[in-house]
Amino acid sequence: MKITGVELRRIAMPLVAPFRTSFGTETARDVLLVRVVTPDSEGWGECVAMSEPLYSSEYVDGAAEVIRRFLLPALPREVDAYGVGRALEPIKGHRMAKAAVETAVLDAQLRAAGESFGRFLGAARDRVPCGVSVGIMDSIPQLLDAVEGYLDEGYVRIKLKIEPGWDVEPVRAVRERFGDQMLLQVDANAAYTLVDAPQLAKLDDFGLLLIEQPLANDDLVQHAQLAKLVRTPICLDESIESAEHAAAAISLGACSIINIKPGRIGGYLEARRIHDLCRAHGVAVWCGGMLETGLGRAANVALAALPGFTLPGDTSGSRRYYETDITEPFELSDGHLAVPTGPGLGVEPLPSVLEEVTTSTEWIPID
């Protein structure tokens, strides 16, 4: 596939409500979109990097710069999605930027072939169950109201963000209010240390699906130690940046569940490799989210339809984050989202909405 040019487009997407985690509060997303143009089609990729390097070392300005200066010049004149990974391998890190480029190329490739993301990746279902991530609140009554609202919308699983000082009591309150049958898990975003093991062990009383990323992202060994000190399954997120990381974590016993975020690991091809690895070792996986627009959500929903994704993911409906999405909105139906069936991502940006939220564009011809 011959690439004739690439557009880097920045858009500003206000969130419907502030989203607070242990590492900060987001009120809007500064999104970098990558559009790859070929003689036969075009494809879109969404970079999930945040405005500041808080979740990971990547940030959106840096992602745009590395794509412009290093990734695009490294691509062969003719390339497919598999070739993108091989061409970019010598460039260290920058997985979110690489994922955006690879996804755009894959989207263009699949649109030209008339094949959907789901079919290409190996989707086994035509819809996926949806969970929702609930940020840290100012009070427990506010949290309970938010959880009740999401349950009323039909979400089948609730994830609570936690941090030291906001963990056991919020979880207790949610369990007491909504009962033991509700699927419930927590996410610490690396806010704890092994010294906090006794506090984390108190969460064992609440029948959680998992504790996500309790310790530092670069410490598989201490996660393995923590897994022996608590009964609740440990899930890794930020620690897993590749299939090699996943294999190491499984071998060490650092986790029994993995959250697969395609942007964090370099793209959907690597996501499928991790899925296959985990399935072979009996490790459950689910699809995490990074507050994606409809473009990124379409690809995530397709990925979450693979057979190894046995837990509901953070593939929430569009209205969870945005008043108006840049694609036709993803709407929850009986707690599920439909897997797009059209070519490529199966969704298109709405031109009028895209234009309204665009803050800058840059066209880069590929000679």
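Given Cβ point charges of +1 (Lys, Arg) and -1 (Asp, Glu) and nothing else, what value in debye, to the nearest 20, does the dipole of the chain about its Cα centre take?
On the way: 34 positive and 52 negative charges, 169 e Å.
The calculation lands at about 820 debye.
Could you give me D for the chain, from Stokes-Einstein at 10 °C and 1.306 mPa s, where the hydrodynamic radius is the Kirkwood radius over C-alpha pairs? Units µm² s⁻¹, please. Spell out each step's value before the answer.
On the way: Rh = 20.6 Å.
In µm²/s, the coefficient is 77.
As a check on your grasp of the helix formula, calculate [θ] at 222 nm for the chain: sum -39500 (n - 2.57) over DSSP H runs of n ≥ 4, divide by the residue count, round to the nearest 500. Walk me through the numbers on the way to the answer.
Numbers: 13 runs with 122 residues, N = 367.
Result for the chain: -9500 deg cm²/dmol, rounded to the nearest 500.
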Among ILE158, ILE366, which comes first, second and so on when ranked by fewest other beta-carbon atoms within 10 Å? ILE366, ILE158
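By counting other Cβ atoms within 10 Å of each Cβ, how are MET50, MET96, MET182 ranked from fewest to most? Could you put the intermediate results ahead of the total?
Values: MET50 22, MET96 30, MET182 16.
Ranked by crowding around the Cβ, least crowded first: MET182, MET50, MET96.
Report the gain in length on full extension from THR310 to TYR82: 0.36 nm times residue separation, minus Cα-Cα distance, nm rounded to one decimal.
Values: separation 228, 0.36 × 228 = 82.08 nm, distance 2.65 nm.
Computed gain between THR310 and TYR82 is 79.4 nm.
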Based only on the alpha carbon positions, what is the Kirkwood hydrodynamic radius of the stretch 270-351, in angstrom? 13.3 Å
Looking only at the stretch 119-338, where both bridge partners belong to it, what percent of the DSSP beta bridges are antiparallel (to the nearest 5)? 20 percent
Taking Lys and Arg as +1 and Asp and Glu as -1, residues besides ALA112 with C-beta under 12 Å from its C-beta add up to -3
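Sort the stretch 119-338 into rounded, prolate or oblate with this rule: let a ≥ b ≥ c be the square roots of the eigenvalues of the Cα gyration tensor; rounded if a/c is under 1.5, and if a/c is not under 1.5, prolate when a/b is larger than b/c, oblate otherwise.
On the way: a/c = 1.81, a/b = 1.06, b/c = 1.70.
It comes out oblate by the Cα gyration axes.
Give the percent of DSSP beta bridges with both residues in the chain that are antiparallel, rounded to the nearest 5. It would help to have the intermediate numbers written out before the result.
Numbers: 32 of 54 bridges.
Bridges in the chain are about 60 percent antiparallel.
How would you rank HIS275, HIS94, going from fewest to most other Cβ atoms within 10 Å of each one's own Cβ?
Numbers: HIS275 26, HIS94 22.
Ordered from fewest to most neighbouring Cβ atoms within 10 Å, HIS275, HIS94 come out as HIS94, HIS275.
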So the pair-distance distribution of the stretch 49-117, from every Cα-Cα distance in 5 Å bins, comes to percents of 3, 17, 27, 21, 16, 11, 4, 1
Would you mind checking which residues have amide H under 5 Å from ALA28's amide H? H placed 1.01 Å from N; only 5 or more apart, or other chain. LEU15
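Coordinate-derived values only; no laboratory data. As the structure is a computational prediction, the values presented were derived from the model and not from experiment. All Cβ positions, glycine included, derive from the backbone under ideal geometry; neighbour counts span all protein chains shown.
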